[in-house]
Amino acid sequence: MIELTNLTKAYGGKLAVDDLSVTVRPGRVTGFLGPNGAGKSTTLRMILGLNAPSAGTVTVDGVPFATHPRGLRHAGALLDAGDVQGGRTARGHLRVLAASNRIPRDRVEEVLDLAGIGAAAGRRISGFSLGMRQRLGIAAALLGDPPVLLFDEPFNGLDPEGVLWVRELFKSLAAEGRTVFVSSHLMSEMENTAEHLVVIGRGRLIADESLAAFAGRGDGGHVRVRTPEAERLATLLTGAGGGVEAAGETLTVTGLSGDRVGELAFEHRVLLRELSTHKASLEAAFMELTADSVEYKAGAKR
């Protein structure tokens, strides 16, 4: 478990993280979202003790991470796939990490194979593609078999097979009861991977809730029905708590599920010629709810 309590980090007169209180729980993949400059990377670095907070506290399994005697056995992290010594081989890099944390050497071979880079273990890292470096970084995070895992943009540079592997890996790690905290700008991957979201903007908390609940807060989720009895059905749907926009025989319904709309039509013998459900988009909700927190906006084309 990761616990942030009133966590604050200031650089000069600017707050990068502002009074952030969040609990990242085990047993699920938690996505960490926010616009560029929102404070995500700074928060991850404070969790790992790489940056000291200006105020507040952050603990990993109840204590500051720096107090864990063998860090990789307690938390594994991929923060920057390029932050490795390029002259080392992949195997050599992991062996150094293993030795410093008293991890058996055979574990190095296990994670190399798990990450799909066993065949390249003897190659120098300087010759690796970004995708291979990402796999190596994930292997390093898994080296100590830790209960807590943090990943910053782990999907960058991966081919479709690699993306699928990472997605399923994170889910399996969470299913084992581990705490999995993933920061990414790829909304499609968050939709396919995360169960819960922590969303920040300008260093402050915007949302801490299930992915479904967050996506549902934005515009876009609706049910579309077409019926020759549009006026009667609209009255029934409004009475059941739905919002209805009518355009001839077509109704756009919000606030009710497709199943509920169909049940109401069936109960009152309203003929439907079309019923389709349009799920709320995580990307649309994110853009809407973080619009006031975007620090760097592109200008219009001239």
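Readers should treat all values here as calculations from the given coordinates under stated rules, not as data from a laboratory. These numbers were taken from a predicted model, which means no experiment stands behind them. With ideal geometry, Cβ positions are generated from the backbone for all residues, glycine too; neighbour counts draw on all protein chains shown.
Points to keep in mind about this one:
- Alpha carbon centroid spacing (whole Å) that separates the stretch 212-288 from the stretch 21-83: 41
- Just checking the listed ones, 264, 78, 289: in the Gaussian network model of the chain with Cα springs under 10 Å, the one fluctuating most is 264.
- Ranking 98, 23, 5 by how far each Cα lies toward the positive end of the dipole of the chain (charges on Cβ) leaves 98 at the top.
- Residue-averaged 222 nm ellipticity for the chain, from DSSP H runs of 4+ at -39500 (n - 2.57), nearest 500: -9500 deg cm²/dmol
- Tally of Lys pairs whose C-alpha atoms are under 22 Å apart, taken over the chain, 8 or more apart or cross-chain: 5
- GNM remark for the chain: springs join alpha carbons under 10 Å apart, and the peak mean-square fluctuation among 14, 171, 40 falls on 14.
- DSSP beta bridges confined to the stretch 67-216 are antiparallel in about 45 percent of cases.
- The Kirkwood hydrodynamic radius of the chain, based on inverse pair distances between different Cα atoms, is 21.6 Å.
- Two-site FRET efficiency, residue 6 against residue 188, from Cβ-Cβ distance with R₀ of 30 Å, rounded to 0.05: 0.35
- Signed unit charges on C-beta, dipole axis of the stretch 148-301, positive-most listed residue 285, 211, 256: 256
- Candidates 60, 244, 24: whichever shows maximal mean-square fluctuation once the chain is modelled as a Gaussian network with Cα springs under 10 Å: 244
- The DSSP beta bridges internal to the chain are antiparallel in roughly 65% of cases.
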